[in-house]
Each structure stands twice: as structure tokens, then as C-alpha cells.
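Presented below is the structure to which this report refers.
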Amino acid sequence: MTPPPQQQHHRGAAAPAVSSRLEVVTFTLGQEEYGIDIQKVQELRGYDAVTRIANAPEYIKGVVNLRGIIVPIIDMRIKFQLGAPTYDQFTVVIVLNIGGRVVGMVVDSVSDVITLSAEQIKPAPEMGAVLDTDYLIGLGTLDERMLILVDIDKLMSSDEMGLVEKVI
């Protein structure tokens, strides 16, 4: 009767292979599809009016009161210089929790949640000034889809954004 527990233990030892997978929330900005680690996502909300902050960078739309927490709202289309944003019934605010700080990120739409294996994640190519590759994990490939995987911790804690303390 002792072999079954050993087999179970053996199966449990295979669990770390699952950690090489990345579960991402996918969203669109313009014609491109992006992905961020689902563990950073607190909730999804429709876009509501924000309170503008004087002298804030253009990509910081303002702040909202989310159940007593003042949350800065960043428009990613403006941040990534992808043209003028439009706000409609598909516009979504992804509420993130990064290093204990809550931040909202406006995207054109949220597609779905997918799990990528390590083999499906390729290193990001150099893209010049369009998008700083420091903020990219890589490119995720899923059938015919190509996802730009954003390291949202690095992006939101960058000196330029100044929204979240450095996440180490």
C-alpha cells in the first residue's frame, strides 16, 4: 500500500513545470493585442468619467474613487502613442494591484484570459522608439495570434510613470 503515495508525490513533483506557464489577460490597443499577467489584475470595469489632475502627463487621464481608494487612471493608447483614444461601450479599465498600489489602465477592449507555455513566449525584438522593450516580457504566440506581453510591474514602476514604488 505504500506505492500509491509515492506515485502521488511523484506527480506533485511535476507541478513546477506548470509554473513555466503564464496566464495572461489579453486586451487590444488599436490593431494590436497585448497581454499582462492575470495575477496583477484586481478587476475589470467600464470606463467612467475621471477627475482630471492639473499638470498631470497627458496619458494620466485623472483619478477615480474606487470604493474609497483614489485610483490614478492611465490611458495606454496615449502612453504607447497609438493615436487618439475613443471611449465607447467596449472601453475597459483594467484595475491593477502592483506592489500594493492600485492603478487603472484604460484599454480599447479586453479579449480573454489565456495560458501560454514557455515555448509560446518568444523574446521581444528591438522596436526602437515605438515601445521601450524594457517593459516587454516578450511575444506570445497562440495559433495565428501574436500577443505583445507587457511587464506591467516594470512599466508602472518606471521613473517616467512614477506611479508605483519600484517592484523588486
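Quick check on Gln81: is it within 16 Å of Leu29 (Cα to Cα), touching a strand residue (DSSP E or B) at 6+ places or on another chain (Cβ under 9 Å), open to solvent by 60 Å² or more (accessible area, probe 1.4 Å) and not aromatic (Phe, Trp, Tyr)?
In short, no.
If Gln39 meets every condition in (1) more than 17 Å from Leu155 (Cα to Cα); (2) open to solvent by 80 Å² or more (accessible area, probe 1.4 Å) apart from one, which number is that one?
Single failed check for Gln39: (1).
Inspect all residues belonging to the range 57-70 and state whether any of them is open to solvent by 50 Å² or more (accessible area, probe 1.4 Å) and in contact (Cβ under 8 Å) with a residue 60 or more places away in the chain.
No, the conditions are met nowhere in the range 57-70.
Does Asp37 qualify as being touching a residue at least 24 places away in the same chain (Cβ under 8 Å) and more than 29 Å from Arg21 (Cβ to Cβ)?
Criteria not met by Asp37.
Looking only at residues in the range 59-85 that are more than 20 Å from the chain's Cα centre (by Cα) and assigned to a loop (DSSP other than H, G, I, E, B), which one is modelled with the lowest pLDDT?
The residue in question is Ala84.
Can you list residue pairs whose Cβ atoms sit under 8 Å apart, with the first residue in the range 72-92 being of a type in the set (Lys, Arg) and the second being open to solvent by less than 40 Å² (accessible area, probe 1.4 Å)? Count only pairs 6 or more apart in sequence or on different chains.
As it stands, the answer is Arg77/Leu29; Arg77/Gly30; Arg77/Pro85; Arg77/Val106; Arg77/Val107; Arg77/Asp108; Lys79/Tyr59, since those pairs meet every condition given.
From the residues in the range 110-139 that are polar (S, T, N, Q) and either at pLDDT below 90 or open to solvent by 30 Å² or more (accessible area, probe 1.4 Å) (or both), which one is farthest from the chain's Cα centre (by Cα)?
Among them, the one singled out is Gln120.
What's the number of the condition Ile53 fails, among (1) part of a loop (DSSP other than H, G, I, E, B); (2) modelled with pLDDT under 90?
(2)
If you check Gly30 against the conditions, is it at pLDDT 95 or above and open to solvent by less than 40 Å² (accessible area, probe 1.4 Å)?
The answer is no for Gly30.
Conditions: (1) modelled with pLDDT under 95; (2) among the aliphatic types (A, V, I, L, M); (3) in contact with a strand residue (DSSP E or B) (Cβ under 7 Å, 6 or more places away or on another chain). Ile36 meets all but one. Number of the miss?
With (1) modelled with pLDDT under 95; (2) among the aliphatic types (A, V, I, L, M); (3) in contact with a strand residue (DSSP E or B) (Cβ under 7 Å, 6 or more places away or on another chain) applied to Ile36, the lone miss is (1).
The values are calculated or read from the model by the stated rules, or taken from the named source; none is laboratory data. All figures in this text were calculated on a predicted structure; none of them were measured in a lab. Every residue, glycine as well, gets a Cβ built from its backbone with ideal geometry; the counts of neighbours run over all protein chains shown. What goes into the accessible areas is simple: the full protein's heavy atoms, side chains included, and nothing from ligands, DNA or RNA. Shrake-Rupley method; radii C 1.70, N 1.55, O 1.52, S 1.80 Å.
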